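Structure, as structure tokens:
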Amino acid sequence: MNNVDKNKSRTRLEQRESDIMDSATQLFAKEGFHGTSTRKIASAAGVSEGTLFHYFSTKNVLLLAILDGFYNDLVESAQQGMQEIMGTRERLLFLARNHLRSLMDHQALMMRLIQVYLSVDVNYYLDYKSSPLHDLNYRYTRIFDNAIREGMERGYIKQELELSAVRDLFFGGLEYGMRT
């Protein structure tokens with residue numbers, strides 16, 4: 001197989017994976033995680049159920065892949081914006097807008113999928129720090145944490161504030177605002 005054929009094949013495989021994830025995302029949003037069968041996802045994506053399982057061994061793995069894609073986009077947009085903005089206040093405003101924009105663009109779907117993930121993965125409650133969702137959240141919230149630490153070093157934010165409390169207030173406030 002030459003390079004052109006390999007690239008076409010790789011592109012086709014990536015497109016198929018993307019189609020499966022897009023179909024699952026829409027069906028999970030519309031019918032719920034438990035109300036959506038893998039057969040229905042495969043049909044919506046235009047593949048066989050066996051092909052779906054070739055890409056994603058379980059429906060839970062598929063859900064985690066969707067969340068991973070969302071977080072990767074969120075982290076990338078946040079990192080890019082933070083490189084362009086220097087002021088603490090402006091960075092925090094950017095992070096808030098970026099977070100809300102991402103959730104609004106997905107019609108708050110990710111919040112629902114995260115809630116679904118929490119109800120699906122019983123081990124999440126046993127050891128959150130070892131869960132894949134923790135890793136995704138950790139990568140994303142480090143961007144916020146760095147902005148707060150820089151603000152503390154610059155004297156714009158009180159250094160005695162507890163970083164985790166500030167983070168929880170920031171993201172909790174945004175997500176509460178989204179729900180209400």
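The values are calculated or read from the model by the stated rules, or taken from the named source; none is laboratory data. Every value quoted in this text rests on a predicted model; they were computed, and no experiment measured them. Heads up, the Cβs are rebuilt from the backbone with ideal geometry, glycines too, and the neighbour counts pull from every protein chain shown. For accessibility, only protein heavy atoms count, side chains too; no ligands or nucleic acids. Shrake-Rupley method; radii C 1.70, N 1.55, O 1.52, S 1.80 Å.
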**Prompt:** Considering only the range 80-99, how many residues are in contact (Cβ under 8 Å) with a residue 60 or more places away in the chain and surrounded by fewer than 15 Cβ atoms within 10 Å (Cβ to Cβ)?
**Reply:** 1
**Asked** Is it the case that Phe28 is in contact (Cβ under 8 Å) with a residue 60 or more places away in the chain and part of a loop (DSSP other than H, G, I, E, B)?
**Response** no
**Asked** Pairs under 8 Å by beta carbon, first residue of a type in the set (Ser, Thr, Tyr) in the range 165-180, partner open to solvent by 50 Å² or more (accessible area, probe 1.4 Å), six or more apart or different chains?
**Response** none
**Complete:** Filtering the range 52-66 down to residues that are open to solvent by less than 40 Å² (accessible area, probe 1.4 Å), modelled with pLDDT of 95 or more and assigned to a helix (DSSP H, G or I) yields Leu52
**Message:** Filter the range 38-51 down to the residues that are touching a residue at least 12 places away in the same chain (Cβ under 8 Å), farther than 30 Å from His99 by Cβ and either in a helix (DSSP H, G or I) or in contact with a Phe, Trp or Tyr (Cβ under 9 Å, 6 or more places away or on another chain) (or both) and list them by number.
**Reply:** Thr38, Lys40, Ala42, Val47, Thr51
**Qualifying residue in the range 135-156 (condition: at pLDDT below 80, farther than 16 Å from Leu63 by Cβ and open to solvent by 20 Å² or more (accessible area, probe 1.4 Å))** = no
**Complete:** Going through (1) at pLDDT 95 or above; (2) farther than 21 Å from Tyr176 by Cβ one by one, Gly69 fails only at (1)
